[in-house]
Structure formats: structure tokens, C-alpha cells
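Written below as C-alpha cells is the structure these notes are about.
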């Protein structure tokens, strides 16, 4: 690895020929269904899509591979497409010297993860677009992210970089192959995880460490750029619920408050962008991703259950509204993302232009409400913008004036301030609707869809919105139908993604886990045992096709038959969503607590021991494992004995749904139902014929509770009993 990096850093040889004829005579992406690949179908680059056939062609051609990985809502991917991949001169260099392959990371996150890991192992930049140079056998030897078309900011022009890389490869193909082989071997070895145990003491110590990384001024972890890091925030929230210590709650609430006030949140149309490029959360990158919005809804709902915060309630309502209005496909399933870029009034594609506002122009639209708008909101210019392109426009964010400040300044009540601001944003939304909308990627993605279904269901239960639960159940049915193969080698198996027609590769571990988690939450919401059966089937699939029986346990990300890959990784770090092993361990634990079959607890325990050593040093990326361990070891099993639809039963269930219980396993059963053997509430009965609740942890259960107020007290007491 060191030799390759040295040669690429210092070799100045520019190769202008000698690579022979192009292995592919044209761009072959016009037959692909991926919206991202379709965007590149008119590039002069002779792209091929990733497949066994393509890799065989590349190997036969004997040229190094240029593998470019991106996705349809990625701004910098579009920049490279417009600048370099659409440039005939650059394309000619690529076609002569390399075998070009394009990959949609949302279709194959497993392949993306392998090459991101390879880049990290070689101390190269990671992210998207990821441009990796591979041997003809698809082993990486160098790469990077964005490369400019022309020389700029100390970076060479992409065509010159391409020639230098080709020169290194043609000058010493054996040396490059040897170095690439060592990278591949390193990745294969990385699947051997470190065993260990994760205890409450371990988790509490990590939570203390996490607090040191919280930005004391604007919340969030570290400095810019800032990502939500939702599993880590959930971990801190669980620490608050488990211990009662206020500092954990303060860190989460401060972070949420600044994200909600900043430009990370779309105040006009609802929904969150992927991340912010600045410390105060004011300037985002403008792609709207299904997984980010699902994670935000889940966390905001959980915190609202404890605080009753009106801003959280309103933002959950608006974000779910965004998901159901802007992200639902005609079949009822969720689409994957909205593009960061869109067309401006002159027809030029620009980042974020759909969302930007000129304060003076906006005030003119609002008439008499203009002064209130100017007092409540401000704008911040996007990143890397030129005045001639964007003028005075910027991202809308809330000023530091509170509702009380605004009420006093404009002689209004706080309620009137809310109403008038709602009217103001409605006017802006109607005006914005006339602009060119960002492209939507309509792919159904298993793990992201599972997250969204679970989030909307949780919010529906918390806020008594039965229509949200119905929408989530329809999305579940549509997703399951679209992603389940009806023929072929993977018949009846869940797949990772589909746009139209035949599904793609088999579902990843995360896909199986997130769809199982969605099924378990829908089971809690509806009592429909069919959801429980779906979770059983998908967990069985993960155990059969992803479990590492010979390498110490834990789950691989992919099925061994998922297609060509340099290595099968065992995901234990959040990227940024909860890792596949973290989410599957949580699902196994909850399935055990709801279903009663000890094999699920045994498998979860084995998996956690197999990968638990990763959590020895506190790191934000291990939060998913901490949360899974918390659920496995200290879940609250709550049983309500009564008939769904009965007023008393529903009041008890509602009390549970409005209490923050991140490791909850709720079962509403009819009178006379016998719970599974080993369940601590087995043979428990109603008290005096009334709807009755029992709250259990481990082998101990509370006394029977028939009053909703008393149930609240019992839940608050029992949720801290696991802090040992």
C-alpha cells in the first residue's frame, strides 16, 4: 500500500497511449433501471453496470478498472457528471486507459461498503462519489472522492490524474497487483471481529465519554460537517431513561432544538436534509433521504414522549406529512430520496436552488406579514456558491427570537404568532411549488423502507394517529410485495431494492433486520400475528444465509450468493445508521420477548459476544451495539390483558405509547390467552375483570395495574430498575 501511494504521489509520467482499443464501444447504461445509472446513460464514458458479466469482461480486457460509486441525490456526484464524465476529452482518456464501471450505492450498499473500507485502509478519502482504481480482478489499489475536471485548489485535472494512475499500473502491474492483494487480504481479515461482553457499566461509561463530544453551543457531535448521528443520540437518550441523569437528556434536547431551528430542517415543506456543513446546522447539503427522516421521526417521537415539547410534536407532524405527501410512491411504498440539485429559473442545474430564499423577495410576497417573517427567520448562503449564480438567496433558518419575544415585539399572543407563522410558511410553500422540483429516486430500499414504516407507526401510536399506522401498514405490504422475488434462485426471498419489475440483489442483513423491526412494531400496533410471522421468516433467512458459523459468530452483511464481492464484511459500526449486527441483535431480542422462543435470545447473545469487543473503546459508531445490548439485557416486557378497541384497554395501551420506553416489548392479549413458556407474565390474569397491565423486567413483574395513572408510575419505576 505504501509503495502505491508513494508512486501516485510523486510519479509525473503522463501516459498518452498504449492501452489498446476500448473494451466497451459505447455507454451501456441505457438499459439499467437505476435512476442514478440512467443519469449517466448519455455520458461519453463507456460505462458498464456492476455485474458478474461486467467483471468478467473487465478481467478479459486486462485494463485497470475505474469504479465510480454514487447515488441519484448526491450533489458532488452530479458535479463530477457535469464536469468530468460529460467532458469528451476526459471521457476519451477514461475509455482508452480504463474499463469504466458505474455503481449505484443504494442498489449495492454491500459493494460500496467494501470499497469504502478499502479506501479507509489505504488512508484515502471516503464518501461519494467514490472513484476507485482497481486491478482487472477488481482489487483496489488507489482512489479518492471528487476529482475536478480542471486543475484547481492544488488538485490536478482529472484527466492528468487518470494518466498518472495508468502510468503507475502499466509501469509495474505486478507490484500494483501485490499491493492490491494485500488490501484485499486486509479486508477479508477484517470480518474476524473481536469477541467481548457489553454490560450496563460499559454502556454508562461510553455515555459519559459521548457527552464530552457534544458541541456545547449548537449540540451534535464534534465540529463541522455535522451529521445527526442518530444511534448515538438514541444511546444518550436511553442513558437518561435508564439512569434519570438530566445531562444526557439535555444533550439530546439541545441537539434536536438546534437541528429543528437550523437549515437542516426544511421549514417551508417539512423534512430534514442529510447533514449540515457548518456548526450551527444552518447550511445543509440538500438531499432529502428516507432513512434520515425516518430516524429523526423516531428520535423526536421518543423525546416527545418524555417532554411533551410542542415544537417536537409539530415537527413530527410536519415530517410525517412530508413523508406521506412527497415520498410515497403510487403503490404505497416509500421512495428513497429527493435530489440535492434542481433547475433554477434559467434552466441550470444547481444545488439546493429549490429551497433557497431571498429575504427581500420573500417579504414582498408576504405583505403585512413581512416584518414578522423577517424577525422570525434569516438566511445563510449555501456552501461553495458564486454570487452570480445564487444572488442573495440562502437557506432559511429560525432566528434566536423566541415566540415570547415575537409576541411582545408584535403585540400578539404566542398562539397568534404560531398561526401567523404557519400562514407565512404556507404562502412560501405555494410559491415554491412553482419552481422546478428536485428529482425523486423511486427505488424501494429494504432497510430504509423498514426504518420509515417503523417510524411512522411509532409516531402514529404516540400521537393517536390511526391514519399514520394505516399508511405504514400499506407501505409494509407494498414493500414486501415489491421486494419479494416470485421466481428464480432467490424465489420467496426478500431483496434489497427495486424500482420497477424484477428485484435486485438479495436483502442485506440491515434490510432483513429493519423490515423485521417494522413488522414487530406493526404487531404491537395492530395485534396482527402475520407481522410476527414475517419477522420470524426474515430472521430465519438471516440466520441461514448471513450467520458466520465458522468464523466466531456474528452476521455477514450479505448472502454468500449475493454476487461478486472482494470480501464479505461483518458490519458492527454504524454507517451512520445502526449496523447490521446491532439492528439484528435488537430484533432477535425483541422477537424473543414477544414470541418467547429461547432460540432467539441464544442467537442474539452469541452474536453480541462475537462482536462485543468492538465496543471496548467508546466510539460513536458503536452506538447501535450499545443500544442492542440494552434491549437484550434490560427490555421492559409490558403485557396488557384486554380486548383491543375496549376503552379501558386502549387507555392502558395509550399510556404505554406516550411513555418513553426505548427498549419496550408490548403485547396486548385477550383474556384467557396463555403467554409463551418462560414469559414472566405467563398465567397472569385480569384483576376484577378489568383491563390489566403487567410490567416485567427479567423474571420479575409488577403488581397488576388497572389505572392509567398508576401504570405511568409503574413504568417510570420499572424502566430504571435495569440500571445496575
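Just so you know, all these numbers are worked out from the coordinates, no wet-lab data involved. If you're wondering where the values come from, they're calculated on a predicted model, not measured in any experiment. All Cβ positions, even for glycine, are placed from backbone atoms using ideal geometry, and neighbour counts span all protein chains on display.
Quick notes on this one:
- Given R0 = 35 Å, the distance between the Cβ atoms of residue 427 and residue 348 translates into a calculated FRET efficiency of 0.85.
- Compactness relative to 2.2 N^0.38 Å, alpha carbon Rg of segment 2-189: 0.93
- Projecting label points 7 angstrom from Cα along Cα→Cβ for residue 172 and residue 599 puts them 5.4 nm apart.
- Gain on full stretching of the segment that runs from residue 465 to residue 123 - 0.36 nm per residue minus C-alpha separation: 118.3 nm
- Length gained when the stretch residue 42-residue 646 is fully extended (0.36 nm per residue, less Cα-Cα span): 211.4 nm
- Principal semi-axes in Å for segment 635-724 [√(5λ), Cα gyration tensor, largest first]: 19, 16, 11
- In this simple spin-label approximation, residue 502 and residue 59 carry label points 7 Å from Cα along the Cα→Cβ vector, and these lie 2.2 nm apart.
- Inter-centroid distance (Cα atoms) of segment 173-251 relative to segment 460-476, Å: 32
- Cβ-to-Cβ counts within 10 Å put 484, 199 in ascending order as 199, 484, the fewest first.
- Considering only alpha-carbon pairs that sit under 8 angstrom and 6 or more positions apart, the relative contact order computed for the chain is 12 percent.
- Contour minus Cα-Cα distance for residue 194 and residue 309 (0.36 nm per residue): 37.3 nm
- Expected 222 nm ellipticity per residue - DSSP helices of 4 or more, -39500 (n - 2.57), all of the chain, to 500: -15000 deg cm²/dmol
- The packing ranking of peptides 251-258, 593-600, highest mean first, is 251-258, 593-600, where packing means the average number of other beta carbon atoms within 10 angstrom of each residue.
- 0 to 90° range, to nearest 10: angle between helix 158-171 axis and the chain longest Cα axis: 70
- 285, 601 arranged by Cβ crowding within 10 Å, fewest neighbours leading: 601, 285
- Volume per residue of the C-alpha convex hull in segment 200-441, rounded to whole Å³: 135
- Residue 707-residue 437 FRET efficiency (beta carbon distance; Förster radius 51 Å; 0.05 resolution): 0.50
- Ordering 301, 42, 202 by the number of other Cβ atoms within 10 Å of each residue's own Cβ, fewest first, gives 42, 202, 301.
- Cα centroid of segment 494-564 to Cα centroid of segment 582-601, whole Å: 14
- Cα gyration tensor shape of segment 539-640, rounded if a/c is under 1.5, else prolate or oblate by comparing a/b with b/c: oblate
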